[in-house]
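Working notes, structure below.
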Amino acid sequence: MKKLLVVGGLGFVGGVISTLARRNWQVHIFDTESRYDIEGASTRNVDITDRQAVLKAMEQIKIDAAINVAAVSNIDFAEKNQELTRNINVVGATNIAEGCRHSGAKYIYFSSDAVFDGSKNMYYEEDPTNPVNYYGRSKAEAEMAVTEANPDTVVIRISLVMGYPVTGGNAFFLPLEDNLRSGKEVTFPTDEIRTPVDVLTLAESVLELVENEYRGVLHIGATDSITRYELACMVASEMGYDSALVRPKSTVAPVPGRAPRHRNGIICVAKAQSLLRTQMLPVELGVRRAVRDKL
Ligand SMILES: NC(=O)c1ccc[n+]([C@@H]2O[C@H](COP(=O)([O-])OP(=O)(O)OC[C@H]3O[C@@H](n4cnc5c(N)ncnc54)[C@H](OP(=O)(O)O)[C@@H]3O)[C@@H](O)[C@H]2O)c1
């Protein structure tokens, strides 16, 4: 079996990718600590900011391909911890790119629609980036750095991921469901539009991309878009809770302690639709899949 490295493979998206990948790959995971066990995958504590440790571990495994989902992914934390964020999101991501180049391995790097300022109605792969917060700036810088370090790279841009983790990480479903279960109201922005993708469709797309000929930037998401408020209402109903517990809030005026957000995270997924066998879904079907199809 060929060897796939999943960096950040114990986080939300990485856990699902690693679990699915075991069907066709020998899976190796780098993460900060072995808090979870994915049966059949080999996990190492490797801090991706440590260049020598990364290159040595990659050289030992002799990987065929790598997917990097390790990141500071909390936008407000990134704004307050810019040096740490840059070290992980840019320097760490570039260390993996370098290791891939030495091994002749294809590299899949995870970026975000936060590289855009959100003023346009629709964003295409080739649109210029102009982030409004530090998280987006780190992703925009990394997109260029990783591609320069290893041209055999796909940069995936996603907007918002829906679903349950098999390990841990940054899944908004868990705190949302905790609150709804105990009858607590939750607030979501009415003025942030996103192009969400369910985590299984995302993982299937990525595992297809690892093996095909595509190189460059690719948007993965729904075939339509939705405000974060409307999405949370839809998810609450699909989970079987009262969607009236989801309350609208406006974030047009700056919120103290909250980093600025891009308004329109509407990414066009036409290229992914023409390139991949995995189907991009409308939001409603993605929500259904995210709530019902657990690994
Ligand atoms: N989830 C979304 O809605 C969303 C939307 C747009 C883009 N993205 C991007 O998609 C990717 C995956 O997101 P996610 O939600 O799965 O994130 P996540 O749950 O936070 O997972 C990231 C994983 O990387 C690990 N990691 C962090 N720093 C590391 C380091 N220095 N060395 C090794 N591992 C490290 C984390 O460990 P610790 O927990 O110990 O830090 C965590 O296990 C990220 O690049 C994120 O920016 C996500």
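For this structure, a couple of remarks:
- FRET efficiency, 1/(1 + (r/R0)^6) with R0 22 Å, evaluated for residue 185 and residue 76 via beta carbons: 0.60
- Against the chain, whose longest principal axis comes from its Cα atoms, helix 51-61 is set at around 70 degrees.
- Between helix 283-292 and the chain: long-axis angle, C-alpha atoms, 0 to 90°, nearest 10: 70 degrees
- The chain: relative contact order as a whole-number percent, Cα under 8 Å and 6+ apart: 19 percent
- Once the 1.4 Å probe is applied to the protein heavy atoms, the chain comes out at 43 Å² accessible per residue.
- Phi angles across segment 159-172 convert, under the Karplus curve 6.51 cos²θ - 1.76 cosθ + 1.60 with θ = phi - 60°, into 3J(HN,Hα) values of 9, 7, 9, 10, x, 9, x, 8, 10, x, x, 8, 8, 6 Hz, Gly and Pro given as x.
- Solvent-accessible area, 1.4 Å probe, carbon plus sulfur percent, for segment 140-287: 52 percent
- For the chain, modelled as a GNM whose springs connect Cα atoms under 10 angstrom apart, the maximal fluctuation among 12, 172, 116 occurs at 172.
- For residue 106, the aspartates and glutamates whose Cα falls under 13 Å of its own Cα, not counting residues fewer than eight places away in the same chain, are 64, 98, 152, 208, 211, 213.
- Helical contribution to [θ] at 222 nm, DSSP H n ≥ 4, -39,500 (n - 2.57), averaged over the chain, rounded to 500: -11000 deg cm²/dmol
- Sparse-neighbour loop sites [GluC sites (Glu not before Pro); segment 150-228; at most 11 other C-beta within 10 Å; DSSP]: 185, 213
- Mean separation of Cα contacts under 8 Å (6+ apart) over length of segment 208-295, as relative contact order %: 48 percent
- Between the amide H of residue 187 and those of 247, distances stay under 5 Å, these residues lying 5 or more places away or on another chain, with hydrogens modeled in the peptide plane.
- A simple count of charges around residue 278, restricted to other residues whose Cβ falls under 15 Å of its Cβ and scoring Lys, Arg +1 and Asp, Glu -1, yields -1.
- For peptides 252-259, 123-130, sequence by mean Cβ density within 10 Å, most packed first: 123-130, 252-259
- Working note: Karplus 6.51/-1.76/1.60 with θ = phi - 60° gives segment 139-154 the couplings 5, 5, 5, 5, 3, 6, 5, 5, 5, 5, 6, 8, x, 7, 10, 10 Hz, where Gly and Pro are set to x.
The values are calculated or read from the model by the stated rules, or taken from the named source; none is laboratory data. Everything numeric here is computed off the predicted structure, so don't read it as measured data. Here the Cβ is made from the backbone with ideal geometry for all residues, glycine too, and neighbour counts use every protein chain on show. Calculation scope for accessible area: heavy atoms of the full protein, side chains included, ligands and nucleic acids excluded. Shrake-Rupley method; radii C 1.70, N 1.55, O 1.52, S 1.80 Å.
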